[in-house]
Amino acid sequence: MSCADDVLVRVENLVKHFPVYGSGLIRRSVASVQAVDGVSLTVRRGRTLGLVGETGCGKSTLARCIAGLIPVSSGKVYFEGKDITNLPRRAMRPFRREIQMIFQDPYGSLNPRRRVGAIIGDPFAVHRTASGQQRKRAVQELMERVGLNPEHYNRFPAEFSGGQRQRIGVARALALRPKLIICDEPVSALDVSIQAQVLNLLADLQADFGLSYLFIAHDLEVVRHVSDAVTVMYLGRVAESGPGDSVYDHSRHPYSAALLSAAPAADPDAAAQRQRIILAGDVPSPINPPSGCRFHPRCPKAQDICRTAEPVLETKLGDPSTHLTACHFPVEAGEVLARAGRKERR
Amino acid sequence: MSLLEVTDLQVSFPTADGVVQAVRGVSFSVERGRTLGIVGESGSGKTVLTQSLLGLTPGGQISGTAMFDGVNLVGLDQKSLRRIRGKGISVIFQDPLTSLHPLYKVGWQICEMIRAHDTSISKGQATERAVDLLGRVGIPNPRERVNDYPHQFSGGMRQRVMIAMAISLSPKLIIADEPTTALDATVQAQILDLLLRLQQESDTALLMITHDLGVVADIADNVMVMYAGRAAEKATKRDTFYQPHHPYTKGLLESIPRSSAATDRLKPVTGQPPSLIRLPPGCAFHPRCAYVMDRCLSAEPELHPVGDAGEHRSACWLPAAAIGLGDAAEDLRRQAVEQGRSGKAAKVAEAIAAAPESEGSVIA
């Protein structure tokens, strides 16, 4: 790789299958949920990689594999060039300091019976980096940093609103000065007016500490706003990845095009003009994914080859070299995939 | 005459901690074949507002009037309400999994609804209707699927079943309470498309409750923005998005990331929504408002006409001409604020500007 120093995390061909057990006396594995099936990506230093996809496409599973929370079935995860795939607990420990997570649910991810100071101080205790007064001071500095009142050190999570709780989660993730923070739907549970507060905070922290983010969200506008590069996943595989603007403005994979056209934009004129691509049906089951291209049963451009041959993730003609698409028949510029846009009534 | 005309509706819930004033004097109307979008954040009273119309808020004290097709829904006895539910007004709830009974087949659940309102229909006829309805909402193989249980359907398909139930008695008004919030983007597009199509086929009025401005931009004709149990602004869809008057509407629009706005920084609304038990005096939005003036602290503004079109109404003390997101409107607002702000309001404004939420991390 030409700029290896620039790469913080490299994931190669990562596979995670969950076994499905039969109901008999001897619990045999009868099938497997192919949650992540051969995904490669890179997160660059100080940058944000946005991960987009619908429920069940494997984005959270992928995040948990990278964080080392669950073992991977096959493939490799490199952190700063070192292989951290399925490391034993003790060997993984120094890397856990470098990779932290922020979770979606600010209610479920904080222990309601512990005080905020103790929650944010946990990482110091676990890694024995600070104790006593020193820990308290560090926690209060963190609270200030994320926009919480340090005097609220002794309060319980229930005394905070949703947005403030998410700040607590951010402070906890920040405690050990990690290099990578995996944000799994960090603003999905928040109201619109609060969401922007947390997004701004994340942007500030990135600028100040040179953090890298792996940012998972289903809100496409949010992902576009925060991300430098975007990866679109469908049913455990990468459909398309590349620089944010390139993927958003010139989507080559029919799935990304449909996903982007389906996202409601808060702009009536744009909504009326947009050529909306309405996909038929639902996402198929990852237990028994479709053959060939996994998107073919819902794809408006599908042909015979899509049912048999799996497309390779590669740069298509006319795209920048960092823009990769896994499709036999990529969308051409100006091509109308949609049925005609809905006409404005009256 | 409007299909539904709600005037000065108030709903409050007495609790041990005090009275929760969920809805505080809201008026609106819905016309046949049109869609009214009600937008607001959690706790703004939008769901209570619509549920109180159908008597679904036990323990709530309701006042005001809600004329639906010549009948006042407020204070109506259960028996008469029952005749209106489903047939006159039906509801699509947010979470299709908890709204369907897990132990009954979906066909049975649709038939139950049909037969509860029309006892002359035989079981066989009702089943035929259910099959037909499932087909209309786009469920493949409806004849087989009527015998499936809710868990055998995906989220989007369950929401289609809910819609089939909602249209089963050809209601005049459908209340859709966050119908797509639990769904993915591509499925959300399918459901919104379906709702619009059904509405056009049967001239049904739609009351769309959502927190998602994108959904409103897509589907509504008129919009009511709610804050702390009151209507902050009422306007046509275009006016709401392009000529907002109320600072809360403006704040909402500016706080969502949009690809069209080429700024790196979002402009969030500072602070948190107020408690509905202890509302701030004056305008409920003043502790978060960048344009807070003296009168905002003591007097709550009523909805009044703003802009040049008569339909556009806003509950804010800023000059009526200060509409839109442009510089001219901003100048008008600044002027008004300069004249109308002294002592106490200036302190509130300082506190808002200094709040950590406004920048996320300004504390040095």
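Observations, loosely collected:
- Unmet requirement for residue A:331, which otherwise passes all of (1) assigned to a loop (DSSP other than H, G, I, E, B); (2) touching a residue at least 60 places away in the same chain (Cβ under 8 Å); (3) within 20 Å of residue A:38 (Cβ to Cβ): (3)
- All conditions in (1) in contact with a helix residue (DSSP H, G or I) (Cβ under 6 Å, 6 or more places away or on another chain); (2) in a loop (DSSP other than H, G, I, E, B) hold for residue B:37, with the sole exception of (2).
- Residues (polar (S, T, N, Q), within 12 Å of the chain's Cα centre (by Cα) and more than 12 Å from chain B (Cβ to nearest Cβ)) located in region A:203-231: A:231
- Some residue of region B:152-175 being touching a helix residue (DSSP H, G or I) at 6+ places or on another chain (Cβ under 7 Å), surrounded by fewer than 20 Cβ atoms within 10 Å (Cβ to Cβ) and farther than 30 Å from residue A:217 by Cβ: yes
- When B:134, B:97 are checked against the criterion of being aliphatic (A, V, I, L, M), assigned to a helix (DSSP H, G or I), in contact with a helix residue (DSSP H, G or I) (Cβ under 9 Å, 6 or more places away or on another chain) and buried (at least 18 other Cβ atoms within 10 Å of the Cβ), B:134 stands alone in meeting it.
- Of all the criteria given as (1) touching a residue at least 60 places away in the same chain (Cβ under 8 Å); (2) β-branched (Val, Ile, Thr); (3) facing another protein chain (nearest Cβ under 10 Å); (4) crowded, with 24+ Cβ neighbours inside 10 Å, the one not satisfied by residue B:187 is (1).
- Subset of region A:162-202 that is within 14 Å of chain B (Cβ to nearest Cβ) and among the acidic types (Asp, Glu) - its residue that is farthest from the chain's Cα centre (by Cα): A:191
- Residues considered: B:30, B:39. Of these, the only one that is at pLDDT 90 or above, over 22 Å from residue B:202 (Cβ atoms) and β-branched (Val, Ile, Thr) is B:39.
- Only a single criterion out of (1) farther than 15 Å from residue A:53 by Cα; (2) more than 19 Å from the chain's Cα centre (by Cα); (3) at pLDDT 90 or above is not satisfied by residue A:294, namely (1).
- Scan of region A:141-161 for residues that are surrounded by fewer than 19 Cβ atoms within 10 Å (Cβ to Cβ), under 30 Å from the mean Cα position of the chain (by Cα) and within 11 Å of chain B (Cβ to nearest Cβ), ordered by number: A:141, A:144, A:149, A:161
- Number of the condition not met by residue B:231 [criteria: (1) more than 8 Å from chain A (Cβ to nearest Cβ); (2) closer than 21 Å to residue B:160 by Cα; (3) not acidic (Asp, Glu)]: (2)
- Pairs where the first residue, in region B:72-89, is at positive phi and the second is modelled with pLDDT of 90 or more and surrounded by 13 or more Cβ atoms within 10 Å (Cβ to Cβ), C-beta under 6 Å, 6+ apart: B:86/B:169
- Which listed residue, of B:280, B:287, is in a helix (DSSP H, G or I), of a type outside the set (D, E, K, R) and either surrounded by fewer than 17 Cβ atoms within 10 Å (Cβ to Cβ) or touching a helix residue (DSSP H, G or I) at 6+ places or on another chain (Cβ under 8 Å) (or both): B:287
- Summed over region A:203-221, the residues that are surrounded by fewer than 23 Cβ atoms within 10 Å (Cβ to Cβ), part of a helix (DSSP H, G or I) and not polar (S, T, N, Q) give a count of 7.
Residue by residue, here is whether (1) assigned to a helix (DSSP H, G or I); (2) at pLDDT below 90; (3) of a type in the set (Ser, Thr, Tyr); (4) crowded, with 16+ Cβ neighbours inside 10 Å holds:
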site: B:301; (1), (2), (3), (4): no, no, no, yes
site: B:307; (1), (2), (3), (4): no, yes, no, yes
site: B:310; (1), (2), (3), (4): no, yes, no, no
site: B:324; (1), (2), (3), (4): no, yes, no, yes
site: B:330; (1), (2), (3), (4): yes, no, no, no
site: B:333; (1), (2), (3), (4): yes, no, no, yes
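- Which listed residue is of a type in the set (Gly, Ala, Ser), within 14 Å of chain A (Cβ to nearest Cβ) and in a loop (DSSP other than H, G, I, E, B), from B:217, B:182: B:182
Listed here are the residues, each with its yes/no results for (1) in contact (Cβ under 8 Å) with a residue 40 or more places away in the chain; (2) over 30 Å from residue B:80 (Cα atoms); (3) outside the structural domain of residue B:249 (by TED's automatic domain parsing).
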residue	(1), (2), (3)
B:121	no, no, yes
B:130	no, no, yes
B:134	no, no, yes
B:152	no, yes, yes
B:158	yes, no, yes
B:176	yes, no, yes
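The values are calculated or read from the model by the stated rules, or taken from the named source; none is laboratory data. Predicted, not measured: the structure shown is a model, and the values here were computed from it. Note: ideal-geometry Cβ built from the backbone for every residue, glycine included; neighbour counts use all protein chains shown.
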